[in-house]
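The values are calculated or read from the model by the stated rules, or taken from the named source; none is laboratory data. These numbers come from a predicted model, not from an experiment. Cβ placement follows ideal geometry from the backbone for every residue including glycine, while neighbour counts extend to all protein chains displayed. Accessible surface is based on the protein model in full, side chains and every heavy atom, while ligands, DNA and RNA are left aside. Shrake-Rupley method; radii C 1.70, N 1.55, O 1.52, S 1.80 Å.
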Amino acid sequence: MENCIENELTMKVSAVSIITNIALSLLKLFAGLFAHSSAMISDAIHSASDVFSTFIVIIGVNLSNKASDAEHQYGHERLECIASIILAIILGATGLGIGLNGVNKILNYNYDYDSFQITGVFALIVSILSIAIKEWMYWYTRGAAKKINSSALMADAWHHRSDALSSIGSFIGILGARLGFSVLDPIASVIICLFIEKAAYDILRDTVSKLVDHACDPETLLCMKELIKQQDGVLSLDEIKTRLFGSKIYVDIEIAADGHQSLSSAHDIAENIHLLIEHTFPSVKHCMVHVNPRFENRQKSL
């Protein structure tokens, strides 16, 4: 049921993303050709590349939500991490391309001044519209990514943000060209490149953490500890381990309970904690609880 909800939300967000990017790409291309803006044409190509990124998200999330089978008994969640890595690489390459193009224009500015055309005002209007739409798409996709804890959707959100930043560069470049300061375009591109590379690095770092069984965040771990200690029959929490498995969390717990009680009673305590952790924390896919017997009365008599 949960996987169905995640798939539906991903498909909804992805459909909006694809339609928006195709429409923006065509609009930017028309504006670039009509207003003689090379920056706007480059921005159109950038928006078109986001359509490809969204298809990677769709494939990655759908594969990760496949049910467990005989060959993959712990599920397929890590396939979403693979999609996130691909998206991070694409995002990083996009930012690098923008930065290198900007550096090249700066280095050749004095010798290639004529290449900076005075562009039409229509391209300026389209760049402002693009900034607004892509920033809205960033927050829309980001909200969905946080709701289902999807690293692939979060990476796609940052693709929208990178497109918005690219459009800001186009706006500055077009405005600068109209005011006689064409060098503002490549300078803005270099600055935008740094922002995009930082986003790509953060996505890649988070994804790698999920691939190497990194522990969950300290806040979630602390909440788990406090919840376990409050349960009836738990004398102490001896150990708790967590590991990220794609967008999910696996939890291993050791508690101490009265060693004089029946096996059935000890099992009920463990089962209660098992169900409580899985229901309280939706990102937990499985919780294993081990009970260590403690013979407090016997120890006191010694």
Compactness of segment 156-302, expressed as Rg and Dmax over alpha-carbon positions, Å: 26.3, 92
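So how do 77, 239 rank on accessible area, 1.4 Å probe, biggest first, that is with the largest at the start?
Details: 77 15, 239 75 Å².
I get 239, 77, largest accessible area first.
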Over the chain, relative contact order from alpha-carbon pairs under 8 Å, at least 6 apart, %: 17 percent
Sequence-distant aspartates and glutamates (8 or more away, or on other chains) whose Cα lies within less than 19 Å of residue 146: 2, 6, 8, 77, 80, 135, 156, 202, 206, 217, 219, 278
Difference of contour (0.36 nm per residue) and Cα-Cα distance, residue 45 to residue 231: 61.2 nm
Given charges at beta-carbon only (K, R positive; D, E negative), |dipole| of the chain in Debye: 580 debye
Where the Cα pairs of segment 152-212 fall when distances are cut into 5 Å bins, in %: 4, 18, 22, 16, 14, 10, 8, 5, 2, 1, 0
Cα pair distances in segment 212-257, grouped into 10 Å bins until the bin that holds the longest one, percent each: 26, 52, 20, 2
Of 212, 100, 133, farthest towards positive along the dipole that unit charges on Lys, Arg, Asp, Glu beta carbons give segment 90-244: 133
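Can you tell me the length gained on complete extension of the stretch residue 147 to residue 208, counting 0.36 nm per residue apart and subtracting the Cα distance?
Working: separation 61, 0.36 × 61 = 21.96 nm, distance 2.07 nm.
Residue separation times 0.36 nm, minus the Cα-Cα distance, leaves 19.9 nm.
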Estimated distance in nm for a label pair at residue 18 and residue 239, the labels positioned 7 Å out from Cα along Cα-to-Cβ: 4.8 nm
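Heavy-atom accessible area per residue, the chain, 1.4 Å probe: how many Å²? Mind showing how you got there, number by number?
Working: 15690 Å² over 302 residues.
Result: 52 Å² of accessible area for each residue.
What translational diffusion coefficient, to the nearest whole µm²/s, does the chain have by Stokes-Einstein, given a Kirkwood radius computed over alpha-carbon pairs, a temperature of 10 °C and 1.306 mPa s viscosity? Walk me through the intermediate numbers first.
Numbers: Rh = 22.1 Å.
Calculated translational D: 72 µm²/s.
Let me check something: with ligands and nucleic acids excluded, how do 136, 158 order by accessible area (1.4 Å probe), largest to smallest?
136, 158
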Listed residues 231, 165, 279: farthest to the positive end of the dipole of the chain (Cβ charges): 165
Residue 89 accessible area, assembled protein chains, probe 1.4 Å, Å²: 110 Å²
Accessible-area value, residue 154, 1.4 Å probe, nucleic acids and ligands omitted, Å²: 40 Å²
By accessible area with a 1.4 Å probe, ligands and nucleic acids excluded, highest first: order of 275, 153: 275, 153
Cα-Cα over 29 Å, subset of 198/248; 28/210; 66/134; 198/285; 28/105: 28/210; 66/134; 198/285
Per-residue SASA entry for residue 174, accessible area with 1.4 Å probe, Å² rounded to 10: 0 Å²
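Report, in deg cm²/dmol and to the nearest 500, the calculated mean residue ellipticity at 222 nm for the chain, where each DSSP H run with n ≥ 4 adds -39500 (n - 2.57) and the sum is divided by the residue count.
Numbers: 9 runs with 211 residues, N = 302.
Roughly -24500 deg cm²/dmol at 222 nm, from the helical runs in the chain.
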Label-to-label distance, nm, for residues given as residue 136 and residue 179 (7 Å Cα→Cβ offset): 2.7 nm
